[in-house]
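J.: Just dropping this structure here.
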Amino acid sequence: MTVRRILEILSLRKAQGIKSFAVLIDPDKITDRAACQKLINMSIENKVDFFFIGGSLITDDSYNSIVDQIKNSCTIPVVLFPGSNMHISFNADAILFLSLISGRNPELLIGQHVVAAPILKKSSLEIIPTGYMLINSGCTTTVAYMSNTSPIPNNKPSIAACTAMAGEMLGLRLMYLDAGSGALEPVSPKVINMVRKSVETPLIVGGGIRTAHMAVTALQAGADLVVVGNGIEKNPNLLIEVSSAVTDMNAALNVH
Ligand code: 1GP
């Protein structure tokens, strides 16, 4: 069987209009192996497309063991969503090589990447150059504080669109619009829609998605993949609800 790379899967799905759903596991929030296994089992049962592993500030050392636990339990691809160059686990499938293009902090535009590059070069991880854009969510999120950057205002879609265009012109292959974990407001449909129309890359949207309706709104606005973390930590049934909503959207397309 040919193993498809994650970026290829996302690009193919985008071309067909197929939507995807990723469960974000923050190693700091799930330190219990049994709880993690429960989440993995629910994700298998509900046909979750990807696991994203990461957080802006990780104080627990379970990063590698969570990746291993998932890899030992299922074939759902594991994508690292790192908060710094310390968040690398060689057993994952891919890493979002995030450049924080909404900000002007050189460390997160290129600095951390230089340090991580020789380590990643020796790994078998799929490295996905990703334009990471923080969108203002109504509160100071951990990622905004930790990155020391100002998010793009949620009511300024043109700034987000121009930022994404520039990122694509620089060769970034994926765009990620993030309101930040636990955001009060998710990324607005207008921002998603304008970015969608401005670039050809697959588009990930996350941050503050607390209901299946919010996930569907983001996908209908043009997201190819929605990421949900905090909402599932608070209400595990949200995993089932988002998954079923995404399945329904894809079923309506009549493509397999
Ligand atoms: C955060 O996009 C992710 O970086 C997911 O956010 O935890 O709010 O779902 P939530």
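J.: What number, rounded to the nearest 500 deg cm²/dmol, is the helix-based mean residue ellipticity at 222 nm of the chain, given -39500 (n - 2.57) per DSSP H run of at least four residues and division by all its residues?
T.: -12500 deg cm²/dmol
J.: Using a basic spin-label model with each label point 7 Å from the Cα along Cα→Cβ, how many nm lie between LYS38 and ALA117?
T.: Calculated label separation equals 4.5 nm.
J.: Taking only protein heavy atoms into account and a 1.4 Å probe, give the accessible area per residue of the chain in Å².
T.: 47 Å²
J.: Find the lysine pairs in the chain meeting two conditions, Cα atoms under 16 Å apart and a separation of 8 or more places or different chains, and report how many there are.
T.: Qualifying lysine pairs in the chain: 10.
J.: Could you calculate the contour length gain from MET86 to ARG104, that is, 0.36 nm times the residue separation minus the distance between their Cα atoms, to one decimal place in nm?
T.: Extra length from MET86 to ARG104 when fully extended: 4.4 nm.
J.: Could you please report the charge total around VAL191, scoring K, R as +1 and D, E as -1 over all other residues with beta-carbon less than 14 angstrom from its beta-carbon? Before the final figure, lay out each step's value.
T.: Values: positive: LYS156, LYS190, ARG196, LYS197; negative: ASP178, GLU185.
Taking every other residue near VAL191 into account, the sum is +2.
J.: Between MET169 and ALA15, what is the label-to-label distance in nm when each label sits 7 Å out along the Cα-to-Cβ direction?
T.: 2.6 nm
J.: What's the extension gain from THR75 to GLU45 if we count 0.36 nm per residue and subtract their Cα-Cα distance?
T.: 9.6 nm
J.: On to the next question. Measuring from centroid to centroid over Cα atoms, what is the spacing of the range 28-87 and the range 131-196 in Å?
T.: 24 Å
J.: Would you mind telling me the share, in percent, of accessible area of the chain contributed by carbon and sulfur at probe 1.4 angstrom?
T.: Within the chain, the accessible surface is 56 percent carbon and sulfur.
J.: Rounded if a/c is under 1.5, else prolate if a/b beats b/c, else oblate: with a ≥ b ≥ c from the C-alpha gyration tensor eigenvalues square-rooted, which is the range 107-256?
T.: The shape class here is rounded.
J.: I've got another one for you. Please sort by residue number the trypsin sites (Lys or Arg not before Pro) in the range 46-132 whose DSSP state is loop and whose Cβ has at most 16 other Cβ atoms within 10 Å.
T.: Those that pass, being in a loop and sparsely packed, are LYS47, ARG104, LYS122.
The values are calculated or read from the model by the stated rules, or taken from the named source; none is laboratory data. Since the structure is predicted, the reported quantities are computational estimates derived from the model, not experimental observations. Counting neighbours? That spans all protein chains shown, and the Cβs are built from the backbone with ideal geometry, glycine included. Heads up: the accessible areas ignore ligands, DNA and RNA and are worked out on the full protein's heavy atoms, side chains in. Shrake-Rupley method; radii C 1.70, N 1.55, O 1.52, S 1.80 Å.
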